[in-house]
Amino acid sequence: MDNLNLDQHISQQYNDELEDVRNKVLLMGGVVEEQLSRAVQALVTGDTELAAKVEANDYQVNALEVEIDEECTRIVARRQPAASDLRLVLAVIKTITDLERIGDEAKRVARMVQEELNGTMTSDIRNELEHMGSLVREMLRMVLDSFARTDVKSAVKTARFDSKVDVKYVSITRLLMTYMAQDPKSIPQILNILWAARAMERMGDRCENIAEYIFYLVHGRSIRHISKDKKTIKKITKQK
């Protein structure tokens, strides 16, 4: 964060407040990452007890979001931040919102696991879900690392990575539609698996959002709703 000059304030307390907010975001990210990992594991293995733990532990994510949001509000009220400081506070508020929603999606996956899925989770479906879960976990890990280091290049790379998650989701959807066509009686159970896959796809979208906030934090420009190709990103960066 040195390149943003966030440690160049007259008040050491102000420096500490900004650093504390950053650290709490990473703490929250770690909790969300664990929730995601456990939810995917429960889905792939059919572990209903683990799924129940994921659902029960969602309160930790919610509590951290409230705590960080309140701290950001206090900073805005007391410090009236400007320039990069204000961008940091705004990026943090948006980031924790998306992290909380990733936590919600992990809980949604856990709820699907607790439905009756016996006989429908074949090896090919399980392998596809496991692969998609690995992609989403990697994406979350990448974006949290990008946030910790305010690494714009890594953040943009993470945003592009979402296309891999989308492709896998389409592949899983087609596979599940085939199973439903072959055995209409399995439709309710297959739909639960589809909702779980959809939840993971949304997690990827949330990670992409966080990557965009990192770009805004560093460059003060939004890259939402535009192409993330190298030429476009380079052009936007030069326009700063």
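Some values worked out for this structure:
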{"item": "Tensor-based shape of region 1-149 (alpha-carbon gyration tensor, a/c under 1.5 rounded, otherwise prolate or oblate)", "result": "prolate"}
{"item": "Lysine pair number, Cα distance threshold 12 Å (strictly under), region 137-240, separation 8 or more or different chains", "result": "5"}
{"item": "Relative packing of 182-190, 87-95, which averages over residues the other C-beta atoms within 10 Å, highest first", "result": "87-95, 182-190"}
{"item": "Burial ranking of peptide ranges 103-109, 124-130 (average Cβ count within 10 Å, highest at the top)", "result": "103-109, 124-130"}
{"item": "Subset of LYS53/LYS94; LYS24/LYS94; LYS24/LYS53 violating a 19 Å alpha-carbon distance limit", "result": "LYS53/LYS94; LYS24/LYS53"}
{"item": "From phi via Karplus (6.51, -1.76, 1.60), per-residue ³J(HN,Hα) for region 46-63 in Hz, x at Gly/Pro", "result": "x, 7, 6, 5, 5, 4, 5, 5, 4, 5, 5, 8, 4, 4, 5, 5, 4, 5"}
{"item": "Fraction of accessible area attributable to carbon and sulfur, region 85-240 (%, probe 1.4 Å)", "result": "51 percent"}
{"item": "Added length on full extension, which subtracts the Cα-Cα distance from 0.36 nm per residue, HIS219 to SER134", "result": "27.6 nm"}
{"item": "Solvent-accessible area per residue for region 33-187 (1.4 angstrom probe, square angstrom)", "result": "49 Å²"}
{"item": "Sum of -39500 (n - 2.57) over DSSP H runs of 4+, divided by residues of the chain (222 nm, nearest 500)", "result": "-29000 deg cm²/dmol"}
{"item": "Where labels lie 7 Å past Cα in the beta-carbon direction, separation of MET177 and ARG141 in nm", "result": "3.2 nm"}
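The values are calculated or read from the model by the stated rules, or taken from the named source; none is laboratory data. Worth saying up front: this structure is predicted, and the values here are computed from it rather than measured. Please note: Cβ atoms are built from the backbone with ideal geometry, for glycine as well, and neighbour counts cover all protein chains shown. Protein only, heavy atoms only, side chains kept; ligands, DNA and RNA dropped before computing areas. Shrake-Rupley method; radii C 1.70, N 1.55, O 1.52, S 1.80 Å.
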